[in-house]
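Here's the structure we're looking at; comments come further down.
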Amino acid sequence: QGGIVFKDVHFYYDPERPILKGISFEVPAGKTVAVVGPSGAGKSTISRLLYRFYDIQQGSITIDGQDIRTVTQKSLRAAIGMVPQDTVLFNDTIAYNIRYGRPAASEEEMKAAAEIAQIGTFISHLPDGYDTKVGERGLKLSGGEKQRVAIARTVLKAPPILILDEATSALDTTTEREIQTALDIVSKNRTTLIIAHRLSTVIGADEIIVLKGGEIAERGSHAELMQHD
Ligand code: ADP
Ligand code: ADP
């Protein structure tokens, strides 16, 4: 479920400056494809187009063979879970924040999602660290912890499609490894598009696409791409 096809996609924010110059790639249902490339290459733009924050000028984007322009915004967003670079949390408990994508989830489901994302000890806290259960202020949530809240939210929402806009480069290696582990669990058997800066963080992807100057410069498995360098 959730196979994605980008076919000859052209996109610009400003007609004078094309960002994507006819790119084609596929994320088969249940597989993981990573888009890597230098800063400004248009990687995040690809995720925004899939979410339909913007419409493309030429070509097509389909999910399960259906053009995303024919899908309602509501069902498109229900099908896609996004773990953004900078997670902005609501000023409410972490439990509330985790439930945001699926408010009707049971307490047990919410707790299970929190455990997978390794944020279980924080569920009664506010983002500034105040523990609503104990009634005391603890440590403010770090960037990595906020990202884990976003991961837990996605685990609970369990959408067929995942977009991971990686920003683990800003985190220390231990946090990065913990988040990576959580992301591996979430992306298993889901159609997953990873936006990454470094090849080293996407070793497990089924295919890696290298975006440069608005075009796909290279593609292949991690091993194949390493041979070229
Ligand atoms: P990447 O994720 O690869 O770093 P982006 O997709 O964020 O690249 O951006 C690609 C290019 O598009 C950049 O040059 C950026 O400045 C430009 N850009 C991004 N968002 C907008 C926008 N809303 N309006 C105009 N230009 C934008
Ligand atoms: P829902 O999945 O409940 O429909 P939203 O559509 O509001 O939730 O947001 C889904 C994810 O996309 C959230 O993680 C949110 O942070 C992110 N997001 C929402 N709007 C934007 C935006 N304009 N740019 C980047 N990310 C966004």
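Just a few scattered comments:
- Segments classed as helices (runs of 4 or more DSSP H), wholly inside region 100-215, with at least 2 members that are more than 21 Å from residue 34 (Cβ to Cβ): 107-116, 143-157
- Any hit, region 51-71, residues being under 30 Å from residue 15 (Cα atoms), open to solvent by 70 Å² or more (accessible area, probe 1.4 Å) and within 18 Å of the chain's Cα centre (by Cα): yes
- When residue 25 is tested against (1) assigned to a helix (DSSP H, G or I); (2) among the aromatic types (Phe, Trp, Tyr); (3) touching a residue at least 12 places away in the same chain (Cβ under 8 Å), exactly one condition is not met: (1).
- Those residues of region 22-38 which are within 20 Å of residue 194 (Cβ to Cβ) and either over 17 Å from the mean Cα position of the chain (by Cα) or of a type in the set (Lys, Arg) (or both), in sequence order: 23, 24, 25, 31, 38
- Condition check for residue 136: free of Cβ contacts under 8 Å to residues at least 12 places away in the same chain and either open to solvent by 40 Å² or more (accessible area, probe 1.4 Å) or away from ligand 1 (no atom under 16 Å from the Cβ) (or both): yes
- For region 80-98, a residue qualifies if it is within 19 Å of residue 179 (Cα to Cα) and open to solvent by less than 80 Å² (accessible area, probe 1.4 Å), and the qualifying residues are 81, 82, 83, 84, 85, 87, 89, 94, 95, 97, 98.
The values are calculated or read from the model by the stated rules, or taken from the named source; none is laboratory data. What you are looking at is a predicted structure, and each value in this text was computed from that prediction instead of being measured. Every residue, glycine among them, receives a Cβ derived from its backbone with ideal geometry; neighbour counts consider all protein chains shown. Ligands, DNA and RNA are stripped out before the accessible areas are found, and what is left, the full protein with its side chains, is counted by its heavy atoms. Shrake-Rupley method; radii C 1.70, N 1.55, O 1.52, S 1.80 Å.
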